[in-house]
Ligand code: 0RA
């Protein structure tokens, strides 16, 4: 009876990982470059979760010559005790069951969204071999897997005063067409994660090329991120503006810096995911920026009451910004699940900016004036460009020989009503 129960639960586990091998794209997006790199991020996300829970401050990634990758962290280590209902170690449950639950305490954020957070078991299922070493409660444990199947149960192999997890995996040749990792592609995301999690040290080295190493560690968080993005630009105010607030368990951080250039450079993140499709946090940021700079400009006579207000794009000209929110239950939408959907977040972000950016402007009048004036100039330039374009169009239409004489002459016969529309001509 007991044996039968054990067998039954084993079958369920095998079915789980079989599904991943059958349809890997469903779990990691594709089996090309993106999916291959996703395997690394899946493990790293688990380490970052440990950091978010306050138990880890170091993550290291090593690329090996044989296309295998090692991710080491100094978190708590994956739990090792025998799982009460599964009869195997908790680590084996985590490594062989899809979405093995029980990991996340209430109140702790986690990296999740898009294709992230599918679980370390997915990496295991898609790896020729996967070795896990866990340091926890004074002991060292080890287990090896082949294509998701354990060679033998988790076993104790030594003692250690440290804690942490080390995972080495080799992507399966049966799954991945291309197995060569890009140091730069991995580095880019690891740097981003280091910016988003101040104090967390994330390093990478490449055994295929000893010159390739990075050590990312930014105490300044997203302030450092904005500084990094703005290195080649002349700032309007040397110090990055930083705003932070918390409401109903959602943490919002915004870093802003205007420069003399004309390019708008805004990145948004939710729970460490780059929300390239935007969402409620970004909408909140944009609308609050427009509101706050307009009311500053009005109150300080940069803008006259009868003048048309500044548009969002005027205000965002030359702006480099990061918004990062940490939401307890994030909803990700959109084609690539990289659009934040939580409607309450828009209001949180707006309230934060309306209050704190307003205060910043009051307390930094010189900076505020430069930002305000730059927006005014942008709006003037936009207006001038519009007029010039209109004029050029009208001129072009008037002296163009492209219209047959008869039609050209009736073109503006009802200028007000038709607005010189070419529509009737097109229909004719
Ligand atoms: C399950 C539960 C806990 C941590 C982890 C998994 C975990 C997984 C990975 C993967 C790489 N590094 C990791 N670190 C931790 C919670 C641990 C606890 O409650 O003590």
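Look at residue 216 and say whether it is crowded, with 21+ Cβ neighbours inside 10 Å and touching a helix residue (DSSP H, G or I) at 6+ places or on another chain (Cβ under 6 Å).
Against the criterion (crowded, with 21+ Cβ neighbours inside 10 Å and touching a helix residue (DSSP H, G or I) at 6+ places or on another chain (Cβ under 6 Å)), residue 216 does not qualify.
Table: residues versus (1) over 17 Å from residue 147 (Cβ atoms); (2) crowded, with 20+ Cβ neighbours inside 10 Å.
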| residue | (1), (2) |
| --- | --- |
| 63 | yes, yes |
| 75 | yes, yes |
| 82 | yes, no |
| 95 | no, yes |
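Among the residues that make up the stretch 68-84, is at least one of them near the ligand (Cβ under 9 Å from one of its atoms), assigned to a loop (DSSP other than H, G, I, E, B), closer than 20 Å to residue 50 by Cα and at pLDDT below 95?
no
Could you check the stretch 57-67 and list, in sequence order, the residues that are more than 13 Å from the ligand (Cβ to nearest atom) and outside any loop (DSSP other than H, G, I, E, B)?
62, 63, listed by residue number.
With respect to residue 221, is the statement that it is more than 26 Å from residue 335 (Cβ to Cβ) and buried (at least 21 other Cβ atoms within 10 Å of the Cβ) true?
Taking the combined requirement at face value, the residue satisfies it.
Considering 242, 218, 267, which residue is on the phi < 0 side of the Ramachandran plot, free of Cβ contacts under 8 Å to residues at least 40 places away in the same chain and not in a loop (DSSP other than H, G, I, E, B)?
242
Within the stretch 38-56, is even one residue away from the ligand (no atom under 11 Å from the Cβ), in contact with a helix residue (DSSP H, G or I) (Cβ under 6 Å, 6 or more places away or on another chain), in contact (Cβ under 8 Å) with a residue 12 or more places away in the chain and assigned to a loop (DSSP other than H, G, I, E, B)?
Looking through the stretch 38-56, none of the residues is away from the ligand (no atom under 11 Å from the Cβ), in contact with a helix residue (DSSP H, G or I) (Cβ under 6 Å, 6 or more places away or on another chain), in contact (Cβ under 8 Å) with a residue 12 or more places away in the chain and assigned to a loop (DSSP other than H, G, I, E, B).
So which strands (runs of 3 or more DSSP E) stay within the stretch 135-181 end to end and still have 3 or more residues that are without any contact (Cβ under 8 Å) to a residue 24 or more places away in the chain and more than 25 Å from residue 207 (Cβ to Cβ)?
155-159
Tell me, which residue of the stretch 302-347 that is more than 19 Å from the chain's Cα centre (by Cα) and at pLDDT below 95 is nearest to residue 233 (Cα to Cα)?
The selected residue is 302.
Going by the structure shown, is residue 204 in contact (Cβ under 8 Å) with a residue 40 or more places away in the chain, in contact with a strand residue (DSSP E or B) (Cβ under 8 Å, 6 or more places away or on another chain), within 25 Å of residue 46 (Cβ to Cβ) and buried (at least 18 other Cβ atoms within 10 Å of the Cβ)?
In short, yes.
Counting just the residues of the stretch 151-170 that are touching a strand residue (DSSP E or B) at 6+ places or on another chain (Cβ under 7 Å) and away from the ligand (no atom under 16 Å from the Cβ), which one comes out nearest to residue 65 (Cα to Cα)?
170
The values are calculated or read from the model by the stated rules, or taken from the named source; none is laboratory data. Just so we're clear, the structure is a prediction, and the values are computed from it rather than from any experiment. For neighbour counting, all protein chains shown are included, and Cβ atoms are generated from backbone atoms with ideal geometry for every residue, glycine included.
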